[in-house]
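See below for the structure under consideration.
The values are calculated or read from the model by the stated rules, or taken from the named source; none is laboratory data. Since we're looking at a predicted model, the values are computed, not measured. Every residue, glycine among them, receives a Cβ derived from its backbone with ideal geometry; neighbour counts consider all protein chains shown. Note: accessible area is taken over every heavy atom of the protein model, side chains too, but ligands, DNA and RNA are not part of it. Shrake-Rupley method; radii C 1.70, N 1.55, O 1.52, S 1.80 Å.
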Amino acid sequence: MKTRVIKVDRDRPDPAAIEEAAAALRDGKLVAFPTETVYGLGAHALDTDAVQKIFDAKERPANDPLIVHIAHIGQVNQCAVGMPAGARKLGLSFWAGPLTLVLQKKPEVPDLVTAGLPSVALRVPSHRVARALMETAGIPIAAPSANRFSRPSPTTAAHVIADLDGRVGLILDGGPTDIGLESTIVDFTADPPVLRRPGGITFEQVHSLVPEVVVQTVQGSDDQPQPAPGQMGRHYAPRAELTLYEGPAAAVVPRVAADVRTAAAGGDRVGILAPEEDLSAIAPEIAGRASAGRIETSPYGSRGDLDRSARELYASIRALDATGVAKIFAIGVGSDGLARAIHDRLMRAADGRVKTIGYE
Ligand code: TXA
Ligand code: MG
């Protein structure tokens, strides 16, 4: 399959491009498109054959259910049986936006979409291109992130091409995405409702409107339907082995510098992923080393600007991976507010290799 990329204006997409993409979706084909969180790989959600193409293109295991995208809250009843009061409250407040609600599913939604679960995950994206596409297509669109399974989610069309070239017919390129991390998932089929994945809407925002919502603590297993993403070990994994360092900059920076020097001296090609001010602080500690040529650095935002940290995180991980480093030393930015989502993704990428510095 040849992959075509059509550039579209993110605010005023060309109606002809949208019509072409919508027709392809209605016709059972795959289309990758930007949302405000990450790029999605879309298919007609009520067409089992179309949805199967998503799993094939991504090499995604069938026990990982998909999010269904709709144009507005009025379409919830196409896919779900009712909306509990808390879900309605969140939908009315945060849609269109980076929030996914898990509700009891209607039989019309194929089991393939939900991995056999009795629930369905629904989201109304705010990105103009995504909205135009859904309004024009007039159908619910199943869309996971448009990456190969276990790769970081794509925040640019170039990331989509890197993972899915030849596996998707059409990519709408609306430039880099705004939020950069996947949507917040709240499951209202659980009692009390559970935050399954932190994202662009913070737990604090959710909790202030619906105080019953609790944070998920239990881990799933690899062969059951996945009630939340990333419970399979290496969901957001880079190719390199990533170790996460958490703690105040004053404690973490010297520790990472020391560990990086040791690894580089041992012959490893290493990368540092850190907020820009931490990288600046580390630079003099690794400069001028004989091994300095083997150390790559990649900033993601700043401790003072977590919106930018979220936006840049996946691109920064991909950039380091592309240099071929064997190990990545990553510095986290805490876990409150939006940092909860950043921390969650870094924890998954670290696959258990986490060092908390300076709190003892
Ligand atoms: O921001 C986003 O949510 C992006 C954009 C494209 O909208 N999509 C996205 O999809 O991140 P994906 O497939 O990478 O993550 C979907 C996750 C799944 O891993 C799954 O575990 C969870 O949503 N999910 C889907 N259906 C569910 C259900 N019925 N119950 C609980 N969790 C569900
Ligand atoms: Mg994904």
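Tell me whether the range 328-335 contains one or more residues that are open to solvent by 60 Å² or more (accessible area, probe 1.4 Å) and either free of Cβ contacts under 8 Å to residues at least 60 places away in the same chain or under 27 Å from residue 163 (Cβ atoms) (or both).
The answer is no, given that none of the residues of the range 328-335 is open to solvent by 60 Å² or more (accessible area, probe 1.4 Å) and either free of Cβ contacts under 8 Å to residues at least 60 places away in the same chain or under 27 Å from residue 163 (Cβ atoms) (or both).
Of everything in the range 110-123, what is surrounded by fewer than 24 Cβ atoms within 10 Å (Cβ to Cβ) and either more than 7 Å from ligand 1 (Cβ to nearest atom) or not in a strand (DSSP E or B) (or both)? Give them in sequence order.
Residues satisfying the conditions are 110, 111, 112, 114, 115, 116, 117, 118.
For the structure I just gave you, tell me whether residue 68 is in the same structural domain as residue 202 (by TED's automatic domain parsing), at pLDDT 95 or above and touching a Pro at 6+ places or on another chain (Cβ under 6 Å).
Yes, satisfied.
Being in contact with an Asp or Glu (Cβ under 9 Å, 6 or more places away or on another chain) and open to solvent by 10 Å² or more (accessible area, probe 1.4 Å) is the filter here; which residues of the range 263-275 pass it?
Kept after step one, since they are in contact with an Asp or Glu (Cβ under 9 Å, 6 or more places away or on another chain), are these residues of the range 263-275: 269-272, 275.
Answer for the range 263-275, where residues must be in contact with an Asp or Glu (Cβ under 9 Å, 6 or more places away or on another chain) and open to solvent by 10 Å² or more (accessible area, probe 1.4 Å): just 269.
Kindly indicate whether residue 74 is surrounded by fewer than 19 Cβ atoms within 10 Å (Cβ to Cβ), in the same structural domain as residue 33 (by TED's automatic domain parsing) and away from ligand 2 (no atom under 16 Å from the Cβ).
yes
Every residue in the range 134-143 that is in contact with a strand residue (DSSP E or B) (Cβ under 6 Å, 6 or more places away or on another chain) and either more than 19 Å from residue 182 (Cα to Cα) or open to solvent by 10 Å² or more (accessible area, probe 1.4 Å) (or both), please.
Of everything in the range 134-143, just one residue is in contact with a strand residue (DSSP E or B) (Cβ under 6 Å, 6 or more places away or on another chain) and either more than 19 Å from residue 182 (Cα to Cα) or open to solvent by 10 Å² or more (accessible area, probe 1.4 Å) (or both), namely 139.
Looking at residue 245, is it touching a helix residue (DSSP H, G or I) at 6+ places or on another chain (Cβ under 9 Å), over 19 Å from residue 356 (Cα atoms), more than 16 Å from ligand 2 (Cβ to nearest atom) and modelled with pLDDT of 95 or more?
For residue 245, the condition - touching a helix residue (DSSP H, G or I) at 6+ places or on another chain (Cβ under 9 Å), over 19 Å from residue 356 (Cα atoms), more than 16 Å from ligand 2 (Cβ to nearest atom) and modelled with pLDDT of 95 or more - is not met.
Residue-wise test of (1) surrounded by fewer than 22 Cβ atoms within 10 Å (Cβ to Cβ); (2) among the aliphatic types (A, V, I, L, M).
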residue: 160; (1), (2): no, yes
residue: 167; (1), (2): yes, no
residue: 170; (1), (2): yes, yes
residue: 181; (1), (2): no, yes
residue: 200; (1), (2): no, no
residue: 207; (1), (2): yes, no
residue: 211; (1), (2): yes, no
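Considering the range 92-109 alone, what residues qualify as being of a type outside the set (A, V, I, L, M, F, W, C), in contact (Cβ under 8 Å) with a residue 24 or more places away in the chain and open to solvent by 10 Å² or more (accessible area, probe 1.4 Å)?
Result: 93, 98, 104, 105, 106, 108.
Every residue in the range 220-242 that is modelled with pLDDT of 55 or more and open to solvent by 20 Å² or more (accessible area, probe 1.4 Å), please.
225, 235, 239, 241 - these are the residues of the range 220-242 that are modelled with pLDDT of 55 or more and open to solvent by 20 Å² or more (accessible area, probe 1.4 Å).
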